[in-house]
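In what follows, a structure is listed as structure tokens, so that the remarks can point back to it.
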Amino acid sequence: MTDKISEDLAHIRSMMERSSRFVSLSGLSGIGAGATGVVGAYFAHRIIEKSGSVVNGYYNHQTVFDLVVLALITLIVALFFGSFFTIRKSKKLGLPVWTSTTKKTMIQLSIPLLVGGVFCLALIKYELFGLIAGTTLIFYGLALLNAEKYVFSDIKYLGLLEIILGCIALFWIGKGLLFWTIGFGFLHIIYGVILYRKYK
Amino acid sequence: MSIISGLNKEFESRVRLGMMSVLMVNEWVDFTEMKNLLQVTDGNLASHSAALEKNQYIEVKKEFVGKKPRTSYKISELGKRAFQEHLNFLEKMMRQ
């Protein structure tokens with residue numbers, strides 16, 4: 001009898017979680033996206049060195065163009081790795097990938113990200129390049145915090161760390177790439193490793 | 001509901017228990033998503049949802065999206081209370 005009851009309770013709990021939270025986020029997604037970020041940062045460093053500009057946060061237009069292209073490629077590759085491992089984990093768990101929870105998570109994530117994107121476009125337009133690194137980290141962190149209620153696995157701590165890092169970066173203009181590498185690269189890798197070991 | 005008869009017979013089936021759990025934490029859930037979540041067949045889900053509807057534990061909405069019919073479920077106030085009582089009972093049994 002007790003066995004049946006505890007099984008029932010476990011079933012109720014698991015159905016509630018499966019249906020309301022995005023449980024298939026894979027640690028490997030974090031590691032993949034983070035590693036992509038580090039590689040991207042390395043190429044960005046080379047582009048900046050080649051341009052020879054040493055003035056804090058101020059580069060010529062060709063360099064800015066190259067950096068934007070590099071950033072977009074990095075973003076696409078990181079998104080690819082991020083979703084690849086998570087879709088794979090969903091399939092392994094026998095869970096549908098595209099559910100209303102996925103949709104809600106996407107919406108919660110995309111609002112702060114889109115606003116942050118527009119904000120960065122304004123920064124680029126007025127050539128306030130030095131503020132971009134901090135701004136992207138802050139808006140990314142806010143997006144993670146916003147999606148927190150639909151995602152399992154302590155994503156809010158990652159969000160908070162990104163926000164703190166972004167705030168520091170705002171006052172450390174010229175070291176943007178370093179903060180980016182830490183925020184989008186290493187924090188993702190560390191978070192991914194923790195997630196992977198915890199929910200393996 | 002007395003303690004002795006406290007186990008709600010309606011929730012004895014895993015499918016019904018699962019449906020109610022899903023509907024406790026989500027507003028409207030459509031047929032396909034429910035089917036995928038519970039991993040049951042169409043017929044199985046249809047018969048269990050009909051039973052829950054008969055007891056007025058859930059509301060059923062049928063509509064057309066384009067040309068395709070879509071059925072969605074939502075828990076009723078009565079259903080919420082019944083499920084909550086069932087949960088309380090399960091917990092009480094566990095503590096004994």
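Out of all the residues in segment B:42-78, which are under 12 Å from the mean Cα position of the chain (by Cα) and aliphatic (A, V, I, L, M)? B:L45, B:A46, B:A50, B:A51, B:L52, B:I58, B:V60, B:I75, B:L78, listed by residue number.
Screening segment B:42-71 for residues that are within 14 Å of chain A (Cβ to nearest Cβ) and under 17 Å from B:L17 (Cα atoms) and picking the one that is least open to solvent (accessible area, probe 1.4 Å) gives B:L45. Which one is nearest to the chain's Cα centre (by Cα) among residues in segment A:86-101 that are within 21 Å of A:Y196 (Cβ to Cβ) and outside any loop (DSSP other than H, G, I, E, B)? Among them, the one singled out is A:T86.
Only one entry in A:P112, A:P96 is without any contact (Cβ under 8 Å) to a residue 24 or more places away in the chain, out of contact with any strand residue (DSSP E or B) (no Cβ under 6 Å at 6 or more places or on another chain) and open to solvent by less than 60 Å² (accessible area, probe 1.4 Å), namely A:P96. Within segment B:34-41, identify whether any single residue is open to solvent by less than 20 Å² (accessible area, probe 1.4 Å) and not in a loop (DSSP other than H, G, I, E, B), and answer yes or no. There is at least one residue in segment B:34-41 that is open to solvent by less than 20 Å² (accessible area, probe 1.4 Å) and not in a loop (DSSP other than H, G, I, E, B). Restricting to segment A:117-148, name every residue that is part of a helix (DSSP H, G or I), open to solvent by 60 Å² or more (accessible area, probe 1.4 Å) and out of contact with any helix residue (DSSP H, G or I) (no Cβ under 8 Å at 6 or more places or on another chain). Correct list: A:V118, A:L121, A:K125.
The values are calculated or read from the model by the stated rules, or taken from the named source; none is laboratory data. This is a predicted model, so every value here is computed, not measured. In this analysis, Cβ positions are derived from the backbone assuming ideal geometry, glycine residues included, and neighbour counts consider all displayed protein chains. To get the accessible areas, we keep the full protein, side chains included, count just its heavy atoms, and leave off ligands, DNA and RNA. Shrake-Rupley method; radii C 1.70, N 1.55, O 1.52, S 1.80 Å.
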